[in-house]
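Notes for the one structure printed next.
Readers should treat all values here as calculations from the given coordinates under stated rules, not as data from a laboratory. No experiment lies behind these values; they were computed from the predicted model shown. All Cβ positions, even for glycine, are placed from backbone atoms using ideal geometry, and neighbour counts span all protein chains on display.
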Amino acid sequence: MAEPEEIIIDAARHATVFVSRLWSRPNQGQDNACTLAAHKQRLELLLAAVHGYDIRVNVAQEPAPVSALSRLFRNRPRHMVEPRALPANDGAQIFLPAQLASPAPLQLFRVLALQQAGRAQRRAVFGDAMPSALAEDLFYLSEALAVDHMLALDFPGFTHDLLSLRHAMLSERLQPALLNAPERVIEDFYCQALNAHPALIPSPYITAAAAKDSLTWAIETARGVSAMCDSGKIRYRGMRSDLWLGRTLPVAAAHQKQLDAANMPDAPAQTPRTARLSRRPEVRKKSEDEDDAVQGMWMLQMDDPQQHVEDPAGMQRPTDRDENADAGDIADSLSELPEACLISNPRPALEVLLSDDPPAQRAVLPPGLTAAGAGISYPEWDFRIPGYRERGAVVRLQASPLGDPAWVESVLAKRYGLLQQVRRRFEGMRPRRIRQNRQADGPDLDISAYVNAFAEQHMGLPLEDRLYQSVRPARRDIAIALLIDISGSTDGWVSGDLRIIDVEKEALLLVNYALMALSDPFCILAFSGESAQNVTLWPVKDFDESDNNLIHRRIAGLEPQRYTRAGAAIRHTTSLLVARPALHRLLILLSDGKPNDVDLYEGPYGVEDMRRAVAEATLQSVHPFCLTVDRHAPQYLAGIFGPGHYAVLQHPQFLPVVLADILKKLVKT
Amino acid sequence: MEGSSIKSSDPGSEHQGVRYPGDEAPYYLPFGHEIDVFTQCHQRSLAVMLKGPTGCGKTRFIEHMAWRLKRPLVTVSCHDDLSAADLVGRFLIRDNGTVWQDGPLSRAVRIGAICYLDEVVEARQDAVVVIHPLTDYRRVLPIDKTGELVEAAPGFQLVISYNPGYQHVSKDLKPSTRQRFVALDFDFPSPDREVEIIIHESGVEQGLAHDLVALAGRIRGLADRGLAEVPSSRLLVATARLIANGIPPRLACNVGLVSPLSDDPNLIAAMHDLIDAVLVD
């Protein structure tokens, strides 16, 4: 008969399943087909199939609010500024509006994504140098036409969507009366482009096989337009862009030469203040002379206490010294900046301002410091090359600190029912290789069955047909590794008096008991770290270790530490598993969120590296599985681990039971 | 598509798992010198290993070569429960005693057939080891249960195939096994050849065959992004046959090309996008 505690837990699990299904069911009342979020993964896969490499799709930023000063001094009239978020690319990734008001949003998203990805691909080869704004606009028009031309030829099924987009944009073009002479000429060029069929290049444009052809044409045509309009006297203020042309952002690779940087010096652990940005300023390209020591027109008094000029370029501001400033206020101020330059500072961050769309590149400290002590270096996948970076990350093994034995006793006492439940889930799984008698088929005769059948047949009984023996590989030849993320984010509270790390530790303790009883070899590793040179792993239990007291105290000693550089940790754990003489190898990652680190590891770099590490593990006959409490995980984990190889825990407090269930399921299969 | 015909080669006659060559050659479009190499291997009694992705034409090549060399063909699809006894043979129980029943390998050895072990790395280790004496100068098959040492009849040739990207490392062939074979590498045909193959096998028009090949090329780009298997030439031929028999191209691509490959909604959606992009209504 079931105990009351079991009934309650079972009921809670059923409720969890019901609620999670409810949660994951698409909200049919709300039409989200016009949002980028609904199609993002699909578009990224489409671009990967078309271009052969991954291109990230991001949300395009809306233009920054216009300040009073810029209203006064702006060099472009209001009618030339597009108020909507426009599609864009930075040569490596593309940006699309978060929402599209269109009767067929998916079709429009597809076309915009392919256009921007195509332009990004051509751009990556060429670069950005332009002689004048007029030539620059003509260049972008020519490039847009060239990409559309290629799309129409390669994907004739999208021609209709391209035509629809052009016609829709044509109806929104500016009245010539609002433009001066050179602007009218460029507007004519623009309308000619929109009027044409995508498979054709209208005159006077040329069929540009490469970006340099467009550049040559644009420079010559701009010269002709200038001569014709006498633009020495009339200032060209630019053209109004739209969804078709979009925007061209600075090339993302500009900062990549710094990305070989090494380490942040060890800093005392301190939890930074956090706030969310309503919009992220765009990354501004640093001009070559802006850090020169030559005095400019602004004079900065660098001494305390008076500093009045705030500079988005990253010069030290009074607020930088205020350790109690409200992160929300800083986020609001930063959101109003149209653009900002990336800088780095060796000190730990005081505030972390979160954005749904963090910049792809990060400014990092110049190379210099190297971590002390020996480590095991592993390559790291750099998706931008794309290729491996030799000695990309260094794993350093540290002895696990021993925790309080009283914690172990209290958990075992408090979670006695749960422990019994976990144990029961593992019962009946003792693996053995067995010889099965009386089989309908098999390599050997079952002599005993045959003699019986022979006798029975002579007695007039029906002939028994199960007369063979077979040896089934019932013995599970398996090795298991549990890899636990103990990064700083596991310090978050999940329920009542429990943090994520507490739930992880309890789960480890209980599952350790159950796995010990199974006698399958397993190991437990905890990982964290800061920077590529300091990925720290704490072996909590080695494969051959059996001293439960020591293992329990190590589990008790786990506490949240810095960041999650998961790729190197997975590679190291894989190498341990591969060294085991087992037929099946299981790697279970317990994590609470995306990979992140102090350098560029946060974002696509980390996700791609983790994906590679998982793929490498799979190729080495290791079966990786991820269990996470991050509800946003399906957005990225499916791409990393593949469908069916990860699970999202809606209620972390059930981690021990769920972990036991998953282990049981994986071990059995 | 009225008037179109599906061409199929004459499979020849089959008896007790042995296929004897028919009059008509199984269709095979060579990509290099594989026919010459295989012919020489056959004449020199060398075992051959065919490596390549699933559905790229390995089995068809063997059928073609068996026809060309006028040898019977024994094909065994290996699986992870395939033991040495399944290949060599076993005692079966009859009315008043037991009788020895040759396995497909023993049968091929006795009659001098080409024995084709498909996806051999899937088989259990004892099954793989039993072929060793057949692949060197001895050319014998020891049957321990009957105490027999069967000498391979002239014309016997052992051929194995496997997909290097498909299996795990633990299931890879042992080096001692690999060194006993001449290896022929197969891959998906070039676009032009694939178009030609599809037209021949299904009877679709050239434009449509070209679109299908272009579509498959794009979908193959999703290989590292959650798609366990990329569309094979075999899958393309099946899809083209559906179209040739009157199923609308878009529907045929959905049921013949996209749905068999994945259950992941995002991957399926992306493949539908590619169909939209490539096919014109």
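Efficiency by 1/(1 + (r/R0)^6): what FRET value for A:N180 and A:C341, r their Cβ-Cβ distance, R0 = 41 Å, to the nearest 0.05? Result of the calculation: an efficiency of 0.80. On full extension, the segment bounded by B:K70 and B:E205 gains 45.3 nm, given 0.36 nm per residue less the C-alpha separation. Applying 1/(1 + (r/R0)^6) with r as the Cβ-Cβ distance of B:R94 and B:R138 and R0 = 25 angstrom yields a FRET efficiency of 0.15. Placing dummy labels 7 Å off each Cα toward the beta-carbon, the span from A:L463 to B:Q101 is 1.2 nm.
The ranking of A:Y450, A:Y563, A:Y140 from fewest to most other beta carbons within 10 Å of each one's beta carbon is A:Y450, A:Y140, A:Y563.
If you average the C-alpha positions of region B:213-281 and of region A:533-593 separately, how far apart do those two centres end up, in angstrom? That distance is 41 Å.
Using the Karplus relation 6.51 cos²θ - 1.76 cosθ + 1.60 with θ = phi - 60°, the per-residue 3J(HN,Hα) values for region B:127-139 come to 6, 6, 5, 5, 7, 3, x, 8, 9, 10, 4, 5, 6 Hz, with x marking Gly and Pro. The label point for A:D188 and the one for B:E24, both projected 7 Å from the Cα toward the Cβ, are 6.6 nm apart. Springs between Cα atoms under 10 Å define the GNM used for chain B, and in it the highest mean-square fluctuation of B:A238, B:A223, B:A25 occurs at B:A223. Working note: Karplus 6.51/-1.76/1.60 with θ = phi - 60° gives region B:203-220 the couplings x, 6, 6, 4, x, 5, 4, 5, 4, 5, 5, 4, 4, 4, x, 5, 5, 5 Hz, where Gly and Pro are set to x.
Here the Gaussian network model covers chain B, with springs between Cα atoms less than 10 Å apart; of B:V159, B:V99, B:V195, B:V99 fluctuates the most.
Around the amide H of A:C523, modelled in the peptide plane, lie the amide H atoms of A:I480, A:A481, A:L482, all under 5 Å away and 5 or more residues distant in sequence or on another chain. Shown in residue order for region A:398-414 are the 3J(HN,Hα) couplings computed by the Karplus curve 6.51 cos²θ - 1.76 cosθ + 1.60 at θ = phi - 60°: 10, 5, 5, x, 8, x, 7, x, 5, 4, 4, 5, 5, 5, 5, 6, 6 Hz (x for Gly and Pro). Averaged over the residues of A:45-56, the number of partner chain Cβ atoms lying within 10 Å of the residue Cβ comes to 6.
Put in order of Cβ neighbour count within 10 Å, fewest first, the listed residues B:Y137, A:Y190 become B:Y137, A:Y190.
For the pair B:V280 and B:D80, the difference between a 0.36 nm per residue extended length and the Cα-Cα distance amounts to 67.6 nm. Can you compute the modelled spin-label distance between A:R173 and A:M516, with each label point 7 Å from Cα toward Cβ, in nm? About 7.8 nm separates the two model spin labels. Taking every alpha-carbon pair under 8 Å whose residues sit at least 6 apart, chain B reaches a relative contact order of 21 percent. Taking amide H atoms as placed 1.01 Å from N in the peptide plane, the amide H of A:L467 lies under 5 Å from those of A:Q439, each 5 or more residues away in sequence or on another chain.
Arranged from fewest to most other beta-carbon atoms within 10 Å of their beta carbon, B:D276, A:D592 become B:D276, A:D592. The calculated 222 nm mean residue ellipticity attributable to helices in chain B amounts to -10500 deg cm²/dmol, summing -39500 (n - 2.57) over DSSP H runs of n ≥ 4 and dividing by all residues. Between B:D126 and A:A406, what's the calculated FRET efficiency when r is the beta-carbon distance and R0 is 51 Å? Round to 0.05. After rounding, the FRET efficiency stands at 0.40.
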